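Each remark here refers to the structure printed beneath this line.
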Amino acid sequence: MAKIDSFSFGSIVINGKKYRRDVIIHPEGTVEKRKGGIWMFGPHSFSKEEIERLKETGAEITIVGTGTNNRAALSPEAEKYSRAAQLDLIVLPSHEAVNRINQLISQGKRVAALLHITC
C-alpha cells in the first residue's frame, strides 16, 4: 500500500519517491502521474473518465484531493457519475486528503486517490 510521506504545494512524496505532478494512487500501492493539463501539473477539473477508472480499481474508498487552495473540482459529469455509481467518494482539499488517505490505509482500507498538488 502507498504511504504519503509528505505533501506541499507542487510536490508530494509517496513511499520515498518525490512527484512534482498530480498523482493517481491505486489501492495496491502503485502510483502514476496524472495526465493532462498545462505545464507539469494536471487540469483543475477531474473528469468522469478519471473517476470511472478509479472505480475499476476495486477500492473501498476513493479520495479526491482538490489542491492546496481547494481550486480543483469534479466536473459535473464526474459528480453525476459518482452519485449514480454510489461511490464511497471523499472530496477534500489536498492537505486534508493526504491525512485521510494515510489514516484509512493504516486501518487496512483499500483506498484509491486522485490528488491535485497545486492551487
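The values are calculated or read from the model by the stated rules, or taken from the named source; none is laboratory data. Since the model is a prediction, treat every value here as computed from it, not as a measurement. Note that each Cβ is placed from the backbone with ideal geometry, even for glycine, and that neighbours are counted across all protein chains shown.
Quick notes on this one:
- Residue satisfying all of: in region 108-118; part of a loop (DSSP other than H, G, I, E, B) and either touching a Phe, Trp or Tyr at 6+ places or on another chain (Cβ under 8 Å) or of a type in the set (Ser, Thr, Tyr) (or both); surrounded by the fewest Cβ atoms within 10 Å (Cβ to Cβ) among these: 118
- All told, residue 96 meets the bar of being modelled with pLDDT of 95 or more and either part of a strand (DSSP E or B) or not hydroxyl-bearing (Ser, Thr, Tyr) (or both).
- Qualifying positions in region 10-21 - modelled with pLDDT under 95 and either more than 13 Å from residue 31 (Cα to Cα) or touching an Asp or Glu at 6+ places or on another chain (Cβ under 7 Å) (or both): 10
- Qualifying residue in region 85-107 (condition: in contact with a Phe, Trp or Tyr (Cβ under 7 Å, 6 or more places away or on another chain), free of Cβ contacts under 8 Å to residues at least 60 places away in the same chain and surrounded by 12 or more Cβ atoms within 10 Å (Cβ to Cβ)): no
- Of the candidates 60, 52, 28, 77, the single residue that is touching a Phe, Trp or Tyr at 6+ places or on another chain (Cβ under 8 Å), at pLDDT 90 or above, over 17 Å from residue 118 (Cβ atoms) and acidic (Asp, Glu) is 52.
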